[in-house]
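No lab work stands behind these numbers, since they all come straight from the coordinates. Not measured: the values here are computed from a predicted model. Glycine gets a Cβ as well: all are built from the backbone with ideal geometry, and neighbour counts include every protein chain shown.
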Amino acid sequence: MNTRSSNNLGAYLLIGLGVLFLAGQLFNFDIGHIFDISWPLFVIIPGVVFLLIAFTGDANKAAFAIPGAVVTGTGMILWFQDTFNRWETWAYLWTLYPVFVGAAMVYMGSRMGNANAERTGRGLVTYGLIAFIAFAASFEMIIFGNNGSMGRWVIPALLILVGGYMLYFRRSPAPMFSEKEKRG
């Protein structure tokens, strides 16, 4: 993304906000109500801007995927919690942060031709999802006692997603050690 188009993005955002506020005035629409239900967009939008820079810029800008994934992921978590009034889910949703960083590292590594970054990213995604499933199951079914709503469909869906991920991103088998190397 060149400098001129970056400057244009900001201008378009300002024009869009101006049109939104003007429409609220013209049609006597309570613009505040929109922000009551969509305030997490103020967190998501800057994250999406980082992601756009990472995806549309040259390979040197691929690292913008990391803050983009973290900020956008945070906004999505906040939107979920606000929409469903499930603020207690923070007890386990924090385990998604390694997933956000790992996904960004996989993208960054593939874009920059860095196999180590890709491998590290896949590991973060895998172990982050495993931690998420373990914590979500523990909190939802045992601690929150909410096994009727979340436990019935979220946990099985997450197990399917993690299994699919593991099949799709097969890693090389673990190195084999001889008995002599194991002992010492």
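Can you compute the FRET efficiency between PHE42 and LEU158 using 1/(1 + (r/R0)^6), with r the Cβ-Cβ distance and R0 = 35 Å? Round to the nearest 0.05.
Details: r = 28 Å, r/R0 = 0.80.
Step by step, r from the Cβ atoms, then E = 0.80.
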PHE84 paired with ILE142, simple spin-label distance in nm, labels 7 Å along Cα-to-beta-carbon
2.1 nm
Give, as a single signed number, the net charge of other residues whose beta carbon lies under 15 Å from the beta carbon of THR95, with Lys and Arg counted +1 and Asp and Glu -1.
-2
